[in-house]
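Peer 1: First the structure, then my questions, so here it is.
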Amino acid sequence: MRPDGDGAFRAVADAPIAPFALADDTCVFAEGRWHMTLNPSSSWRGANEVFFSDLDPARADAQIDAILSLYRAFGLPTSWYVYPWSRPTDLAERLRRRGSHSYGMEAVSTPAGPQPAPPPGIQIEPVFGDGASFDLFFEMLARGWALPADDVAARRRCYRRLARPDSDVLSLYLTRWRGRPAGVGGLIMHPTCGYGTLDYVEPFARGRGLYSALIAARADATWRAGRTWQVGHTLTRSSTRILRHLNHDVLYSYEIHDFDAPAAPGKPPAGVRGVADVEPWLDGLLGAGRIATADLGETADLGETASIGRNE
């Protein structure tokens, strides 16, 4: 089955882009083939990303250096995503020469649909911003993802507002093993798919089926919300093996290149005095040649089924 050619493929590729801002000072640059986020409220690299890029081959090195200097000026780490279609073709090597450390990821997908109840001993509970388990959710999330305190504070404010019983944007989950809190997860809704994210399972509960039960619960919730696909972006070294076993199809592999925060903020680029200046500065730097999935083509094979999860 090949659902809607590049339409479905694009939905999977775009899925990690949240349809909401993390904080009031979040800067999102989404022009042409670019998508970048800069979050002064969060010192976590996952909130400061070059998610899609389309460098000018003739000016690639200068553009890379300028973008990295922008994040350093705010004292922030950076994650730069490198896909099979990224250009220039040696982008990964250029980032490594600048000190990045990288790891492999895979985009996966499966049809949403009704699912059986969790196995005995496993409970999947919704978490709401005004609920009793909201603090427990963040305690486990912060520990599992090693989130810095400023990111936790920003995320708490954002999720408290969005995680409501009637929300069609964000759902949060707490998993339990025999009544004991054992993990967390999230689900972000897009027009055609649900994106699984924020997954973490406590060490004592791993290997007991909680991650599989969470994936099933999200596929059911996505189906009940009228979406077609359950998707995710997973760590190659861990979750992908589980998802393959659960009949998820891998659409493509890619790398994330991380840059640590500088020891002290660097000198800001000329013309950048604060967050309000970032978008026009990037517009001038990157010009008109700009989101980076435009050249994916129409032959991306989603396989007989399609699915996705997020790292455990």
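The values are calculated or read from the model by the stated rules, or taken from the named source; none is laboratory data. These numbers were taken from a predicted model, which means no experiment stands behind them. Using ideal geometry, Cβ is built from the backbone for each residue, glycine included, and neighbour counts are taken over all protein chains shown.
Peer 1: Please tell me if W229 is within 20 Å of P116 (Cβ to Cβ) and surrounded by fewer than 22 Cβ atoms within 10 Å (Cβ to Cβ).
Peer 2: The answer is no for W229.
Peer 1: Let me ask something else. Keeping to region 74-113, report how many residues are assigned to a strand (DSSP E or B), within 30 Å of A276 (Cβ to Cβ) and among the small types (G, A, S).
Peer 2: Number satisfying all stated conditions: 1.
Peer 1: Of the conditions (1) within 14 Å of the chain's Cα centre (by Cα); (2) at pLDDT below 95, G196 fails just one. Which one is it?
Peer 2: Here G196 meets the rest and fails (2).
Peer 1: Can you say whether L187 is within 25 Å of S253 (Cβ to Cβ) and in the same structural domain as P116 (by TED's automatic domain parsing), as far as the supplied structure shows?
Peer 2: yes
Peer 1: Select from region 119-137 the residues that are out of contact with any Pro (no Cβ under 7 Å at 6 or more places or on another chain) and within 28 Å of P191 (Cβ to Cβ) and write down the one among them that is surrounded by the most Cβ atoms within 10 Å (Cβ to Cβ).
Peer 2: Only one residue tops the list, namely F137.
Peer 1: For Y71, only one of the following conditions fails: (1) under 30 Å from D168 (Cβ atoms); (2) assigned to a helix (DSSP H, G or I). What is its number?
Peer 2: (1)
Peer 1: Could you identify the single residue in R237, R241, R290 that is basic (K, R), within 23 Å of P191 (Cβ to Cβ) and at pLDDT below 90?
Peer 2: R290
Peer 1: Determine which member of the set S69, S53, S43, S109 is surrounded by fewer than 18 Cβ atoms within 10 Å (Cβ to Cβ) and among the polar types (S, T, N, Q).
Peer 2: The conditions single out S69.
Peer 1: I'm told R224 meets every condition in (1) closer than 24 Å to R45 by Cβ; (2) surrounded by fewer than 15 Cβ atoms within 10 Å (Cβ to Cβ) except one. Can you identify the failing condition by its number?
Peer 2: (1)
Peer 1: So, of the residues in region 1-40 that are buried (at least 21 other Cβ atoms within 10 Å of the Cβ) and β-branched (V, I, T), which turns out to be modelled with the lowest pLDDT?
Peer 2: Step by step, filter region 1-40, then rank; the result is V12.
Peer 1: Would you tally the residues in region 96-129 being under 30 Å from F259 (Cα atoms) and of a type in the set (F, W, Y)?
Peer 2: Final tally of qualifying residues: 1.
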